[in-house]
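Report on one structure; see the data block that follows.
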């Protein structure tokens, strides 16, 4: 029911929205045009695609290389390295918010795509390695 109300309300004018008619008397697409052009919706979609593509591609590339080395090659300290990588999943993300913000501010990455992409890659690598190691 809330989704139906939300959908119907998106076709109402601002005045109709406060009058509460259930079906809109005069359906309009102005709200969609405002969201698309005035709220810079297209830029948000493009940023989301850039961030998602960069994070997925980089995390998969780095994690697959690391997982291959950990699965196939035998070397001294292998179990320590795997445990060190997995320890990244033990730290709650809430604990890292303030230090991460300070670090990004020092590096000048606040309000940049790189400031969003790099921490997500760092957070994604331990889980990706954990999933990929058994496949090699």
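The values are calculated or read from the model by the stated rules, or taken from the named source; none is laboratory data. Remember, predicted model here, so these are calculated numbers, not experimental data. Using ideal geometry, Cβ is built from the backbone for each residue, glycine included, and neighbour counts are taken over all protein chains shown.
Close Cβ contacts (under 9 Å, 6 or more residues apart or on different chains) running from residues in the stretch 71-84 that are in contact (Cβ under 8 Å) with a residue 60 or more places away in the chain to residues that are surrounded by 11 or more Cβ atoms within 10 Å (Cβ to Cβ) comprise 71/132; 71/133; 71/136; 72/136.
Going residue by residue through the stretch 63-84, is there one that turns out to be closer than 24 Å to residue 116 by Cβ, part of a helix (DSSP H, G or I), within 18 Å of the chain's Cα centre (by Cα) and at pLDDT 85 or above?
Residues of the stretch 63-84 that are closer than 24 Å to residue 116 by Cβ, as a first pass: 63-66.
Now restrict to residues that are part of a helix (DSSP H, G or I): 63-66.
Now restrict to residues that are within 18 Å of the chain's Cα centre (by Cα): 63.
After this cut, where a residue has to be at pLDDT 85 or above as well, the list is 63.
Yes: one or more hits.
Taking residues in the stretch 36-49 that are closer than 21 Å to residue 114 by Cβ, and partners anywhere that are at pLDDT 95 or above and not in a helix (DSSP H, G or I), not one pair has Cβ atoms closer than 8 Å while being at least 6 places apart or on different chains.
Matching residues to (1) surrounded by fewer than 11 Cβ atoms within 10 Å (Cβ to Cβ); (2) touching a strand residue (DSSP E or B) at 6+ places or on another chain (Cβ under 6 Å); (3) within 16 Å of residue 122 (Cβ to Cβ):
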{"residue": "49", "(1), (2), (3)": "yes, no, no"}
{"residue": "55", "(1), (2), (3)": "no, no, yes"}
{"residue": "60", "(1), (2), (3)": "no, no, yes"}
{"residue": "68", "(1), (2), (3)": "no, no, no"}
{"residue": "85", "(1), (2), (3)": "no, no, yes"}
{"residue": "90", "(1), (2), (3)": "yes, no, yes"}
